[in-house]
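What follows is a short report on a single structure.
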Amino acid sequence: MKRQLTGLLAASVMLAVLAAPRAAAQATDWQQIPIAPLPAFHPQEPKRIELPNGMIVFLQEDHELPLIDGTMRIRGGSREEPAAKTGMLDIYGEVWRTGGTKSQTGDQLDDYLEIRAAKVETGDSADSTTISWSCLKADFDDVFKVFAELLRQPEFRADKVDLAQKEMFDSISRRNDDVHEIAGRESAKLAYGKNNPYTREPEYASVAAVSRQDLIDWHQSHVQPNNIILGVVGDFDSAAMEAKLREAFGSWTKGPAVKAPEIRFEPAKPGYYLIAKPDVNQSNIRMVELGIRRDNPDYFATQVFNEAFGGGFSSRLFRNIRTAKGLAYDVGGGVGSAFDHPGMVRISMGTKSASTVESIQAIYEQIDDLKKDPISEDEIKRAKDSILNSFVFNFDSPEKVLRERMAYEFYAYPADFLERYRAGIEKVQKADVERAAEKYLHKDQLAVLVVGNTSEFDKPLTELGPVINVDITIPPPPGEKGGKE
């Protein structure tokens, strides 16, 4: 599909040039060459099946290679784990696979799959867990048998639980080693709230509190057919695959439905927040506030605004702050969005310590300029062209289209949201972008986080306003005193 789409794009450009040879011959700028509109976008839609027990199945045939891949997405993730056991889903996502099944250990499964060049993997995210397989078509029956057994009969062996906890302890001990990780983590807490399920961090105590029984209980309560969306892509016949899946899962009894939790978002007060790192010579700056959901009517306008304001090499932030003023080695951002909860408005910047305050003021100037000098028609055209020309390559294979279609099903979005995206971007006008900028980016509502070496700042951060120091000390393991920064 990628080759077909690329060919269509190239053909469109070539036909436009051939259709206007005189204009092309006289053109002194490539932008003067008329280019026909992009061809219609009609992705290969997967077949949707709903089993009587509520399981949703998508089948996407792709006969280019003799492979069959499948991913099962199960409702319920880390945002629902008890706060006192934060990290439980990370352990669950790992031990589900490493713990093996009742008939084979995880190590035995490794050997079994390795000789077939196949994979069966598990994982977790904020709102779901996943189990997937990847194999050659010839090995599908063998690998699918392992997949089905791991799905229905995981063992969660105690030694693997213990190992996963020790690995998490090591990760906790190193979480303040990378300043970029610190900036991303702590700015998310400012945008969403310190105790928000999307930003809670595992601690020694919360990880130690997780038991094998916790994992078993979670599995039993969440892994039910009516909480599952399964997508299969590859070299198979849809009718035969449907029959096989109905045989494997059709008699599985429906269980309790997982309900999305009600989550409160409590952004930090606007102002300045500091994490002092005397061992660095650069500052990581994050400016954040609450963003929007993707079903917001202004979603497409914000996408165009983001690209024009802070999305790439031709964006205002990049051109004016990095290129013209030389203040940043990276800068960008915009109005973030998520499927079922607000994203984050986030402007990120990296600069040398000695230009920290000047850089913050430079970003403020760019925000102020949006009123005096709104995003122009030319900037909007470049932004829309950039989005649309790259859009097709985000969905240039049946697998990518399937993954997106599964997401729409999971979050109850329209099945044709992918096709609506392109049309929505094309319809965005200058007034829409101006409205989005004014509505969702507020200089006086931003929480500004700086991670850097205060002794090298060009000016004290307090010259901009009151500063709150953010404590990132890692609480010690149970029974120990003191903490680690």
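The values are calculated or read from the model by the stated rules, or taken from the named source; none is laboratory data. Predicted model only: the values in this text are computed from it and were never measured. Positions of Cβ are backbone-derived with ideal geometry, glycine not excepted, and every protein chain shown enters the neighbour counts.
Annotations for the structure displayed:
For every residue, the table says whether it meets (1) acidic (Asp, Glu); (2) touching a Leu at 6+ places or on another chain (Cβ under 8 Å); (3) surrounded by fewer than 16 Cβ atoms within 10 Å (Cβ to Cβ).
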site	(1), (2), (3)
Val335	no, yes, no
Ser348	no, no, no
Ser390	no, no, yes
Ala423	no, no, yes
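- Exclusive hit being touching an Asp or Glu at 6+ places or on another chain (Cβ under 9 Å), over 30 Å from Tyr273 (Cα atoms) and surrounded by fewer than 16 Cβ atoms within 10 Å (Cβ to Cβ), set Ala431, Ala415: Ala415
- Within the range 447-467, considering residues that are assigned to a helix (DSSP H, G or I) and either out of contact with any Pro (no Cβ under 9 Å at 6 or more places or on another chain) or of a type in the set (D, E, K, R) (or both), the one nearest to Gly310 (Cα to Cα): Leu461
- Scanning the range 250-289 for residues that are among the aromatic types (Phe, Trp, Tyr) and more than 28 Å from Glu81 (Cα to Cα) yields Tyr272, Tyr273.
- Qualifying positions in the range 428-441 - touching a Phe, Trp or Tyr at 6+ places or on another chain (Cβ under 6 Å) and without any contact (Cβ under 8 Å) to a residue 24 or more places away in the chain: none
- Matching residues in the range 129-141 - criterion: being farther than 12 Å from Tyr92 by Cβ and not aliphatic (A, V, I, L, M): Ser132, Trp133, Ser134, Cys135, Lys137, Asp139, Phe140, Asp141
- The condition (being within 19 Å of Ala183 (Cα to Cα) and of a type in the set (S, T, N, Q)) is satisfied by just one residue among Ser314, Ser348: Ser348.
- Contact annotation: residue pairs with Cβ atoms under 7 Å, 6 or more positions apart or on different chains, pairing a residue in the range 136-155 that is closer than 15 Å to Val232 by Cβ with a partner that is acidic (Asp, Glu) and outside any helix (DSSP H, G or I), are Lys137/Asp235.
- If the condition is being in contact (Cβ under 8 Å) with a residue 24 or more places away in the chain, more than 29 Å from Glu434 (Cα to Cα), in a helix (DSSP H, G or I) and not aromatic (Phe, Trp, Tyr), then the range 369-412 contributes Pro398, Glu399, Val401, Leu402, Arg403, Arg405, Met406, Ala407, Glu409.
Here's the yes/no breakdown for (1) among the charged types (D, E, K, R); (2) touching a helix residue (DSSP H, G or I) at 6+ places or on another chain (Cβ under 9 Å):
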site	(1), (2)
Cys135	no, yes
Val146	no, yes
Glu155	yes, yes
Arg174	yes, no
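- Of all residues in the range 313-353, those that are in a helix (DSSP H, G or I) and closer than 30 Å to Glu409 by Cβ total 0.
- Single residue of the range 121-148 satisfying the filter (aliphatic (A, V, I, L, M) and in a helix (DSSP H, G or I)) that is nearest to Ser78 (Cα to Cα): Ala148
- Here Val288 meets each of (1) part of a loop (DSSP other than H, G, I, E, B); (2) buried (at least 18 other Cβ atoms within 10 Å of the Cβ); (3) of a type outside the set (D, E, K, R) with one exception, condition (1).
- Residue ranges of helices (runs of 4 or more DSSP H) in the range 1-120 with at least 2 members surrounded by 19 or more Cβ atoms within 10 Å (Cβ to Cβ) and at pLDDT 95 or above: 88-98, 106-114
- Whether a residue is buried (at least 17 other Cβ atoms within 10 Å of the Cβ) and modelled with pLDDT under 95 was assessed, and Ser386 passes this test.
- So Asp444, is it in contact (Cβ under 8 Å) with a residue 24 or more places away in the chain, part of a loop (DSSP other than H, G, I, E, B) and within 29 Å of Ser355 (Cβ to Cβ): no
- Pairing each residue of the range 248-273 that is in contact (Cβ under 8 Å) with a residue 24 or more places away in the chain with any residue that is of a type in the set (D, E, K, R), provided the two are 6+ apart or on different chains, yields C-beta distances under 7 Å for Val258/Arg75; Ala260/Asp340; Pro261/Arg79; Pro261/Glu80; Ile263/Arg79; Pro267/Glu289; Pro270/Asp444.
- One residue stands out in the range 170-204 among those that are loosely packed, with under 15 Cβ neighbours inside 10 Å and not hydroxyl-bearing (Ser, Thr, Tyr): the one that is farthest from Gly336 (Cα to Cα), namely Asp170.
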